[in-house]
Every structure is written in structure tokens, then in C-alpha cells.
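A short write-up of the structure that comes next.
The values are calculated or read from the model by the stated rules, or taken from the named source; none is laboratory data. Keep in mind that what you see is a predicted model, and the values were worked out from it rather than measured. Reconstructed Cβ throughout: ideal geometry from the backbone, glycine too, with neighbour counts over all protein chains shown.
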Amino acid sequence: MSKIIDVHCHLNARRDVRALLRRMDELDIEKAAVCAGKAAIAYDNRRGNRMLAGVVKEHPDRLAGFASATPWSGQRGLTELRRSLDAGLRGFKVHSHLQGFRLSDEILDPFVEICREYACPVYCHTGTPVTAMPFQLACLAGRHPEVLFIEGHMGWSDFWYDAAEAARLAPNLYLETSHMFGGTIEAAVRSLGAGRILFGTNAPVSHAGTEVSKIRRLQIPDRDIRAILCENARKLLP
């Protein structure tokens with residue numbers, strides 16, 4: 001049975017690291033991309049980013065941190081994003097619903113440009129109207145073709161039916177599976193190919209074991225399951 005790479009979970013405090021690593025060991029998860037909790041995403045970016053930088057420094061083989069920086073903070077946010085990436089974080093987490101803008105808004109462009117410079121992916125929460133919808137993300141991804149974007153939760157819960165169609169418009173847009181129905185993931189594999197799908201748990205919001213079991217039970221070839229659970233993400237988080 002192949003190892004697993006989780007491209008999206010949450011770490012709310014340093015004290016939660018031990019439980020996260022224990023859960024990863026139980027489920028044979030080799031590596032996980034972690035982002036900070038809601039307050040740290042919405043406004044207290046520096047606190048969350050510093051916590052993540054410290055944690056991934058202690059566990060570089062197991063954890064990769066995704067920084068947060070609210071676009072409304074302007075130059076201060078751009079500086080915070082650069083500082084966090086220089087400190088060892090590996091991606092940028094955007095939650096436009098919490099942060100208060102549409103995913104297609106040009107306010108994000110300077111932050112995405114930094115991600116292009118650092119060759120790091122941008123993970124975007126999707127599924128919440130009217131600020132975090134799949135076609136809005138496709139618009140953003142289309143403006144930045146050199147940056148890899150991850151469509152968090154495949155538009156769950158309100159816009160799952162737009163997830164794969166939005167990704168068809170932007171070849172640099174990948175789908176992340178947490179919360180999503182198995183049948184919708186299978187349809188996305190048929191539409192886009194397994195190479196455009198990434199496994200994520202969104203733990204502890206979602207149950208990590210349930211998310212793993214869901215993928216293993218998909219009615220698709222074993223090679224596609226391996227690609228989703230590990231091989232695609234290994235290129236993202238080597």
C-alpha cells in the first residue's frame with residue numbers, strides 16, 4: 001500500500017503537532033501541508049505564520065507550511081508573505097470568504113506574483129458564495145498561468161458541479177478532494193484525468209480516516225488512486 005500525501009490540513013496551535021503526527025502515522029500519511037486556523041488566516045497572519053515556520057523547521061520531512069497574508073493589508077501583507085516564504089513555508093493559503101473579497105479580485109494579483117517568484121502553489125478555499133466560487137478561481141488562475149492553483153474542497157458544498165468545469169478552463173488549476181462526494185471525484189477523473197486531482201483531508205474539520213477511505217473506494221483504476229493519494233502531490237511537495 002503506497003504512502004499518502006495530504007495537501008491540506010489545519011494546525012491551530014503548536015500543542016496540536018503531536019496529535020497531527022500521530023494521526024498521520026496511523027493512516028500512513030507520509031507528509032502533510034498545514035495551514036493555520038481561522039483567526040490567523042483572517043487577520044492575525046504573522047502569529048500563524050511564525051507558528052507554522054517553527055513547526056515545519058522541527059519536522060521538515062513530515063510537514064510543509066502554507067502561509068497566510070490578507071490582501072487588505074497591502075504592502076504589509078506582501079512583506080509578510082515574502083518573510084514567511086523565506087522562513088521556510090512552501091505555499092500560500094487564500095480564504096477569500098474569511099478575508100472578505102472575491103477570488104477573481106485583482107487585489108490578489110501582487111500576492112500571486114510573489115508565489116510565481118518563489119515557485120510555490122496557491123491553495124484557495126472554494127464553495128462559499130459569493131466570494132469563493134470555482135469559476136472565480138479559474139479567472140484568477142487564467143491571469144497567472146505560471147502559478148499552480150489548488151481548488152480547495154472542489155467547490156464543496158454549494159458549487160461542486162462547477163469544480164471540474166472551472167479546472168478545464170485553466171490547466172494550472174488542480175482539484176483537492178476533501179469533503180467532496182466520491183462520485184463527483186470519479187467524474188472529475190474522467191473529465192480531467194487523475195493527474196489533476198490532489199488528496200486533502202481538511203483535518204481536523206473533516207475526519208482524516210474517512211477522507212482516506214473515500215479515495216481508496218473510488219471506482220477508478222488503482223494507478224489513478226495512487227496518483228491522487230501520493231504521486232501528484234509529490235511533485236508539489238518534493
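Beta carbons closer than 8 Å, at least 6 apart along the sequence or on distinct chains, pair a first residue in segment 8-33 that is touching a residue at least 24 places away in the same chain (Cβ under 8 Å) and β-branched (V, I, T) with a second that is in a helix (DSSP H, G or I) and surrounded by 15 or more Cβ atoms within 10 Å (Cβ to Cβ) for V17/V55; I29/R23; I29/A208; I29/V212. Applying the criterion of being hydroxyl-bearing (S, T, Y) and closer than 22 Å to K38 by Cβ to the residues of segment 109-165, the residue that is nearest to the chain's Cα centre (by Cα) is Y123. Screening C139, C120 for residues that are farther than 16 Å from V205 by Cβ, outside any loop (DSSP other than H, G, I, E, B) and out of contact with any Leu (no Cβ under 6 Å at 6 or more places or on another chain) leaves exactly one candidate, C139. Within segment 46-92, restricting attention to residues that are touching a helix residue (DSSP H, G or I) at 6+ places or on another chain (Cβ under 7 Å) and in a strand (DSSP E or B), the residue that is surrounded by the most Cβ atoms within 10 Å (Cβ to Cβ) is A67. Among the numbered criteria (1) crowded, with 16+ Cβ neighbours inside 10 Å; (2) touching a helix residue (DSSP H, G or I) at 6+ places or on another chain (Cβ under 8 Å), which one does H97 miss? Among (1) crowded, with 16+ Cβ neighbours inside 10 Å; (2) touching a helix residue (DSSP H, G or I) at 6+ places or on another chain (Cβ under 8 Å), H97 violates only (2).
Give me the residue from segment 183-211 that is in contact (Cβ under 8 Å) with a residue 60 or more places away in the chain and surrounded by fewer than 19 Cβ atoms within 10 Å (Cβ to Cβ) and, out of that set, farthest from C35 (Cα to Cα). Out of the qualifying residues, it is G209.
Evaluated against (1) over 19 Å from the mean Cα position of the chain (by Cα); (2) of a type in the set (K, R); (3) within 22 Å of Y174 (Cβ to Cβ), R90 falls short on exactly one condition, (1). Among the residues of segment 17-41, those identified as surrounded by fewer than 21 Cβ atoms within 10 Å (Cβ to Cβ) and within 16 Å of the chain's Cα centre (by Cα) are G37, K38.
If you filter segment 104-134 down to residues that are in contact (Cβ under 8 Å) with a residue 12 or more places away in the chain and among the small types (G, A, S), you find that the one that is surrounded by the fewest Cβ atoms within 10 Å (Cβ to Cβ) is S104. Take the residues of segment 32-43 that are in a loop (DSSP other than H, G, I, E, B) and modelled with pLDDT under 95: which is nearest to R22 (Cα to Cα)? Checking each candidate, the answer is G37. Every test in (1) in contact (Cβ under 8 Å) with a residue 40 or more places away in the chain; (2) surrounded by fewer than 20 Cβ atoms within 10 Å (Cβ to Cβ) is passed by I150 save one, and that test is (2).
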